[in-house]
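The values are calculated or read from the model by the stated rules, or taken from the named source; none is laboratory data. The shown structure was predicted, so the numbers you read here are calculated from the model rather than taken from an experiment. Backbone-built Cβ (ideal geometry, glycine too); neighbour counts: all protein chains shown. Please note that ligands, DNA and RNA were not included when accessible areas were found on the heavy atoms of the full protein model with its side chains. Shrake-Rupley method; radii C 1.70, N 1.55, O 1.52, S 1.80 Å.
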Amino acid sequence: MSVAYTVDVRRLDAFSAVDLYAMLKLRVDVFVVEQHCPYSELDGNDIDCLHLRLLDGEELLACARLWRPTPKHQPRIGRVAVSPNHRGKRLGEALMREAIAEVEKRYPGEPIEISAQSHLQKFYGSLGFEVISEEYLEDGIPHMDMLRKG
């Protein structure tokens, strides 16, 4: 089952208060509440990133955070979240494909990094990401670093 959506990419300061609230609420609902992981979701990094959203009209379906390259890191994709109300519609795959395309457009030829929850290794692998680290715990959840070559 596929869902029609529009893609919106913008910096944090370009969000309306209502749209920002919806995105941050989705992330807290998924990463803090659903995963029973009490941590500071508002980590101070959103200001420096782009935010990609999949929308159906005004309804937020999914979102991801896109990091620009730094001296320590390649471009990165993180905070990948799909609304619980819209799971099972392949939106995770659509979100990642849109995020990869946006990063490739902005930083052509650059590899893309992710810190993936370990149970999603096969999913990210299907999108061209390869494991580049040992498994580690991040906020009590097993993760691994993965890289998609540019």
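Summary of values
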read-out	value
Unmet requirement for Val33, which otherwise passes all of (1) at pLDDT below 95; (2) under 15 Å from the mean Cα position of the chain (by Cα)	(2)
Every residue from segment 2-52 that is within 19 Å of Pro84 (Cβ to Cβ), assigned to a helix (DSSP H, G or I) and open to solvent by 60 Å² or more (accessible area, probe 1.4 Å)	Tyr21, Lys25, Val33, Glu34
Every pair of residues 6+ apart whose Cβ atoms lie under 7 Å, when the first sits in segment 130-144 and is closer than 20 Å to His36 by Cβ while the second is assigned to a loop (DSSP other than H, G, I, E, B) and open to solvent by less than 70 Å² (accessible area, probe 1.4 Å)	Asp139/Cys37; Asp139/Tyr39; Gly140/Cys37; Ile141/Gln35; Ile141/Cys37
Boolean, Glu59 is among the acidic types (Asp, Glu), open to solvent by 60 Å² or more (accessible area, probe 1.4 Å), closer than 26 Å to Glu34 by Cα and in contact with a helix residue (DSSP H, G or I) (Cβ under 7 Å, 6 or more places away or on another chain)	no
Tally of residues being without any contact (Cβ under 8 Å) to a residue 12 or more places away in the chain and out of contact with any Gly (no Cβ under 9 Å at 6 or more places or on another chain) across segment 104-123	2
Qualifying position, being basic (Lys, Arg) and open to solvent by less than 50 Å² (accessible area, probe 1.4 Å), among Lys72, Lys89, Lys149, Lys105	Lys89
